[in-house]
1. Examine the stretch 191-207 for a residue that is touching a Pro at 6+ places or on another chain (Cβ under 7 Å), in a loop (DSSP other than H, G, I, E, B) and under 15 Å from Glu137 (Cα atoms), and state whether such a residue exists.
2. Among the residues of the stretch 146-178 satisfying the criterion of being basic (Lys, Arg) and within 29 Å of Val222 (Cα to Cα), which is surrounded by the most Cβ atoms within 10 Å (Cβ to Cβ)?
3. Suppose we filter the stretch 203-230 for residues that are farther than 26 Å from Gly88 by Cα and open to solvent by less than 80 Å² (accessible area, probe 1.4 Å); how many remain?
4. Taking helices (runs of 4 or more DSSP H) that do not extend beyond the stretch 54-171, which have at least 2 residues that are among the polar types (S, T, N, Q) and closer than 23 Å to Leu232 by Cα?
5. I'd like to know if the stretch 112-133 contains one or more residues that are modelled with pLDDT under 95 and among the aromatic types (Phe, Trp, Tyr).
6. Of the residues that make up the stretch 254-276, is at least one among the β-branched types (Val, Ile, Thr) and at pLDDT 75 or above?
7. Please work out which one of (1) aliphatic (A, V, I, L, M); (2) open to solvent by less than 100 Å² (accessible area, probe 1.4 Å); (3) more than 26 Å from Ala55 (Cα to Cα) is the condition Ile192 fails and give its number.
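The values are calculated or read from the model by the stated rules, or taken from the named source; none is laboratory data. Source: prediction; values computed, not measured. FYI the Cβ positions are ideal-geometry reconstructions off the backbone, even for glycines, and counts take in every protein chain you see. With ligands, DNA and RNA removed, areas are computed over all heavy atoms of the protein, side chains included. Shrake-Rupley method; radii C 1.70, N 1.55, O 1.52, S 1.80 Å.
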Amino acid sequence: PALSPPLPPTPCAGSVRRRRVHPASPPASPPQAPDTYVTGTGDAAHCDATIPLAAAAADVQFWSLLADADPSAARKNASVTFALRNPGSARYKGGEGRIDGLWQIDEDLIGSPGGEGKGQELYGFRFTSWGNGIQWENTASAVMGLVHYQQKYQRDAPVAGLDEAISRARVSIRQLLQAYQAVPASVLGGNINAYIKNDHAADYPGGSDTGIGWTYLRYPHVAASTWAGLLLLYQHDDGAPVDDAANPFAPPRKPVPSKDKSDADDSCLPSGGGSGSKGGGGSPPPPSGGGGGGGGGS
């Protein structure tokens, strides 16, 4: 559901909107993130609707929100409320308390090669509820999701701290762009050997740990920079107009070309051997011979 608007019902429909319920095995109490959307259901049988023990992932919460995958405002409210909780610093808080929420505050101890940004306090979201450190791709897309919620649901289903979180995270992204001329995946230093030590309280813990098997090291990041651009196109500042066309999960303003519409130019689309409605010629023939660029057939 996090990748597109809702699909028509299927025999398994609805399973991804279930509350997160865990098997009676440690840690069974308290339940982890019971009101979040889940990455997937079990695979023990066809249409297995059970929810396995798993981390709550930021992208699942916010990409589903941007896609309007769930019609329930109450479930959206519960998911956003969870995401905005701050589990505290790894230096001071451990155990079950570290899995309650996704909001995090990081300090950039290194800064750019010229020293810009060093010492800045930055606000954003970690990758999952088992992770450590802000992951900036997820943060940029999360701010878009929060703005979407602000526009559509905040009046009737308010979430405390929503406006402040949007502002702080967006300012942090703009600060990163100014300091680095790109958005890094993480501002936490340390190499892969530091990550392997799994010491989240270290000054340089080895990037932002996802908590599910890998880390994002402190490098300029294509996806983080791209999502930052989409965010600033979507809404560049508090109170500015929102451009829904910048939401990659929203229906496009112009419909996708379709063979069902007589005025659609589908000449570049495969036609199953027939002619295109406007361009003619149908599908290109398969390549002949073993060569890649030239060479004629017999």
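1. no
2. Checked the stretch 146-178; the qualifying residue surrounded by the most Cβ atoms within 10 Å (Cβ to Cβ) is Arg170.
3. Residues that pass the stated criteria total 5.
4. Here the list reads 58-66, 136-152.
5. Scanning the stretch 112-133, I find at least one residue that is modelled with pLDDT under 95 and among the aromatic types (Phe, Trp, Tyr), so the answer is yes.
6. There is no residue in the stretch 254-276 that is among the β-branched types (Val, Ile, Thr) and at pLDDT 75 or above.
7. So Ile192 meets the others, but not (3).
Every residue, every condition in (1) open to solvent by 20 Å² or more (accessible area, probe 1.4 Å); (2) over 17 Å from Leu162 (Cβ atoms); (3) within 14 Å of the chain's Cα centre (by Cα), yes or no:
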site: Gln104; (1), (2), (3): no, no, no
site: Leu109; (1), (2), (3): yes, yes, no
site: Ser112; (1), (2), (3): no, yes, no
site: Gly115; (1), (2), (3): yes, yes, no
site: Lys118; (1), (2), (3): yes, yes, no
site: Tyr123; (1), (2), (3): yes, no, no
site: Thr128; (1), (2), (3): no, yes, yes
site: Glu137; (1), (2), (3): yes, yes, yes
